[in-house]
Amino acid sequence: MYNAGFVPQFSFHVYDHPMARGFQNRFSTQYRCYSVSMLAGPNDRSDVEKGGKIIMPPSALDQLSRLNITYPMLFKLTNKNSDRMTHCGVLEFVADEGICYLPHWMMQNLLLEEGGLVQVESVNLMVATYSKFQPQSPDFLDITNPKAVLENALRNFACLTTGDVIAINYNEKIYELRVMETKPDKAVSIIECDMNVDFDAPLGYKEPERRPQHQEDFSIFAFTGSGNRLDGKTKGIEPSPVPIAPSDIKRGIPNYDFKMGRITFIRNSRPQPKKTVEDDDAMNRFIAFSGEGQSLRKKGRKP
């Protein structure tokens, strides 16, 4: 079993030969690849699905130990049939001979089916300084602190490749993120690095529509209505409203006796003349029904 925290030391001799110098750091072989669910054994290996590392056979460790490799062990995976490639680390060397086990998201990126052939080559990658991700669903915005969640998930990854769609597990839910950009190269190592992380807007995300702020129009138009005839016909001349400037509006005298909860209706009527003493005497002398009656007949004539 390969322990990522332990770096084994090997002692061997390499002959100073042009061919030996050309192949001393190169590990390249083909394996039949399967998803982790096909891994035999009672132990649950769902941890492989949560990261970017693969499981290789013990013979790979034996072969790598004979080479002057650089730690940590990083590999380039290539599907020659589809010309797709990605990069990964190694978690353990416990697979059956001729077989390697990959996370499901990695097999999707490589367009590999169960039992497909994958080329595995050892590589050296530059340490990452920057990366940008695009969530593949707006559901990623529901996470309170997405950077902290991503940082914790990337601890199970050894490297990143621009264009890959990685999968992280948070609160029993799988979130997919596309690697939009990596610096200083298109494939970088993220082991013990200080990396700045940015996010693009999630795929399918739509910003909420903002209502335009309308400017208040203080223009007042007098008599803007149109007249109607009793016979239902429309009048031939439409009114042409004339705008009235706010300065032309004369305001009334405020009611200084106003009280809360009290409404005063002011009617525009002429003031009544003041009553005089003579008017009061005339009203007192007035007797109702005191007039004389008139008849249509003249008196003294018989009918």
* Structure fact -> Residue set Val197, Val127, Val179; condition β-branched (Val, Ile, Thr) and in contact with a Cys (Cβ under 9 Å, 6 or more places away or on another chain); output residue Val127
* Answer with yes or no whether Asp47 is assigned to a helix (DSSP H, G or I) and at pLDDT below 80. => yes
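So that you can scan it fast, the table gives a plain yes or no per residue for (1) open to solvent by less than 20 Å² (accessible area, probe 1.4 Å); (2) in the same structural domain as Ile166 (by the TED database); (3) among the β-branched types (Val, Ile, Thr):
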| site | (1), (2), (3) |
| --- | --- |
| Val48 | yes, no, yes |
| Lys53 | no, no, no |
| Leu64 | yes, no, no |
| Leu74 | yes, no, no |
| Ala95 | yes, no, no |
* Structure fact -> Output for Cβ contacts, cut-off 9 Å, separation at least six or different chains, first residue among the polar types (S, T, N, Q) in the stretch 187-209, second at pLDDT below 90, reads Ser189/Pro72
* Please determine, by comparing only the residues of the stretch 161-209 that are touching a Phe, Trp or Tyr at 6+ places or on another chain (Cβ under 8 Å) and hydroxyl-bearing (Ser, Thr, Tyr), which one is least open to solvent (accessible area, probe 1.4 Å). => Thr182
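The values are calculated or read from the model by the stated rules, or taken from the named source; none is laboratory data. What you are looking at is a predicted structure, and each value in this text was computed from that prediction instead of being measured. No Cβ is skipped: glycine too gets one built from the backbone with ideal geometry, and neighbour counts run over all protein chains shown. When the accessible area is computed, the model is the full protein with side chains, heavy atoms only, and any ligands, DNA or RNA have been set aside. Shrake-Rupley method; radii C 1.70, N 1.55, O 1.52, S 1.80 Å.
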